[in-house]
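Here is the structure we will look at, set down as structure tokens.
Read the figures in this text as sums done on the coordinates, not as results from a lab. All values reported here derive from a predicted model rather than from experimental measurement. Positions of Cβ are generated from backbone atoms using ideal geometry, with glycine treated the same way; all protein chains shown enter the neighbour counts.
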Amino acid sequence: MEKNNKLKVLSILGGSKQGGAEKFFERLSVAMEKKKNINLQIIIRKNEKRFSFLSKKIKLIHQINNFYFFNPFCHKKISDIINNFKPNIVLSWMNRASKVLPKSNGWINIGRIGGYYKIKNYVNCDYIITNTNDLKDFVIESGWDSKKVKFIPNFVKRNNHSKKEKKNSSKIILCLGRFHRNKGIDILLKAMPYLNDYNLWIVGEGEERKFYDLIVKQHGLSEKVFFYEWTNNISEFINSADILVCPSRHEPFGNIVVDGWAHKIPVIVSDTGGPSVLINNNINGLKFKNEDFFDLITKVKSLESKKSLVKKIINNGYNEYKSKFSEDLIINKYINFFEKIKKQCVE
């Protein structure tokens with residue numbers, strides 16, 4: 001380590017599109033850059049929006065045009081950056097980045113996963129960080145030493161208290177995420193004809209948009225459903241909404257649940273994956289049966305008649321966020337883990 005005793009961390013993201021992992025990579029990178037005991041560099045697949053956002057907050061960013069396993073230039077550039085920077089920790093995000101890691105030689109490779117990926121892609125990793133306990137169990141059951149697998153959950157951005165102007169006086173249901181079948185946004189759309197007092201705001205992007213447009217047309221929802229491009233300021237949407245819904249068919253963690261808690265809004269989720277683990281029904285949110293939009297309708301309407309329940313789940317959700325998912329808490333868990341394994345490596 002350098003004489004100034006800073007921990008040198010290289011964080012690598014091979015993905016280009018927006019998603020939960022990509023957004024958390026950005027949040028974690030910005031949080032690390034603010035820490036005086038961290039010397040950070042990052043590598044990203046070339047992405048104009050991501051670079052523009054991160055370059056305002058992070059000093060050293062490397063970009064790779066063709067971030068692929070079969071691109072020798074990609075391997076060489078990563079190796080050159082490692083050799084020049086001489087990091088203590090190399091943190092690789094998901095399959096694409098972890099597959100191109102050189103074997104550790106004087107540094108420690110850590111793969112960070114947020115889904116049930118093929119573990120063979122992490123063969124050059126010395127440790128793995130998962131963002132749920134279920135994923136930790138999955139990695140260990142796949143043959144990894146339990147001492148080499150660490151669970152550290154995600155944190156979310158703080159509420160900046162901005163608001164977006166409403167188009168009318170209707171109450172707002174909000175849904176944020178990639179336009180992918182796993183996200184179950186079509187399930188929420190099919191519930192909207194039965195929720196007369198609500199409009200729906202959908203924030204995101206992806207290939208399923210044409211399918212959503214078809215549902216909107218079929219059900220005559222053009223005056224009730226509004227689409228918005230993804231934004232780095234989700235606070236303005238959450239602060240203007242009345243209910244946050246996560247209708248995913250499949251969701252390993254569910255960052256958006258914690259976002260809802262942090263912004264003091266009632267959250268409704270499908271009873272699957274990470275959101276089902278995060279939400280204790282009628283305590284810090286509500287759960288509906290996966291893919292059952294009639295059950296979703298029932299849960300939305302129950303919040304209209306049970307004001308005491310709304311208050312309870314908002315307060316409990318916010319307390320959950322503060323005690324388990326705040327930025328300071330999670331960033332310190334990352335740094336403490338890095339320092340611990342670095343020390344063990346030296347010893």
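A compact table of results
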read-out: Candidates LEU329, LEU189, LEU28: whichever shows maximal mean-square fluctuation once the chain is modelled as a Gaussian network with Cα springs under 10 Å; value: LEU329
read-out: Cα gyration tensor shape for the range 133-197, rounded if a/c is under 1.5, else prolate or oblate; value: oblate
read-out: Measure of compaction for the range 51-165 (Cα Rg per 2.2 N^0.38 Å); value: 1.23
read-out: Using alpha-carbon coordinates, inclination of helix 209-218 to the longest axis of the chain, degrees; value: 10
read-out: Relative contact order of the range 12-77, defined on C-alpha pairs under 8 angstrom at six or more residues apart (%); value: 31
read-out: Relative contact order (percent, whole number), the chain, Cα cutoff 8 Å, 6+ residue spacing; value: 13
read-out: Local electrostatic count at VAL257 - Lys and Arg +1, Asp and Glu -1, tallied over other residues with Cβ under 12 Å; value: -1
read-out: Relative contact order (percent, whole number), the range 171-324, Cα cutoff 8 Å, 6+ residue spacing; value: 23
read-out: Choice from GLU223, GLU33, GLU208 with maximal GNM fluctuation in the chain (Cα, 10 Å cutoff); value: GLU223
read-out: Calculated over the chain: convex hull of Cα atoms, volume per residue (Å³); value: 137
read-out: Simple Cβ-charge dipole of the range 171-324, Lys/Arg +1 and Asp/Glu -1, about Cα centre, in debye nearest 20; value: 460
read-out: Overall form of the range 1-120 per C-alpha gyration tensor (a/c, 1.5; a/b vs b/c); value: rounded
read-out: Relative packing of peptides 87-95, 101-109 - highest average C-beta neighbours within 10 Å first; value: 87-95, 101-109
read-out: Radius 10 Å from Cβ of ASN121, net charge of other residues (Lys, Arg +1; Asp, Glu -1); value: +4
read-out: Most to least packed among 334-342, 10-18, 246-254, 53-61 [average Cβ atoms within 10 Å]; value: 246-254, 10-18, 334-342, 53-61
read-out: FRET efficiency, 1/(1 + (r/R0)^6) with R0 22 Å, evaluated for LYS210 and GLU48 via beta carbons; value: 0.35
read-out: Packing-based ranking, highest mean first, of 234-243, 293-302, 64-73 given that Cβ atoms within 10 Å are counted; value: 234-243, 293-302, 64-73
read-out: Span per principal axis, largest first, for the Cα atoms of the range 249-347 (Å); value: 60, 26, 15
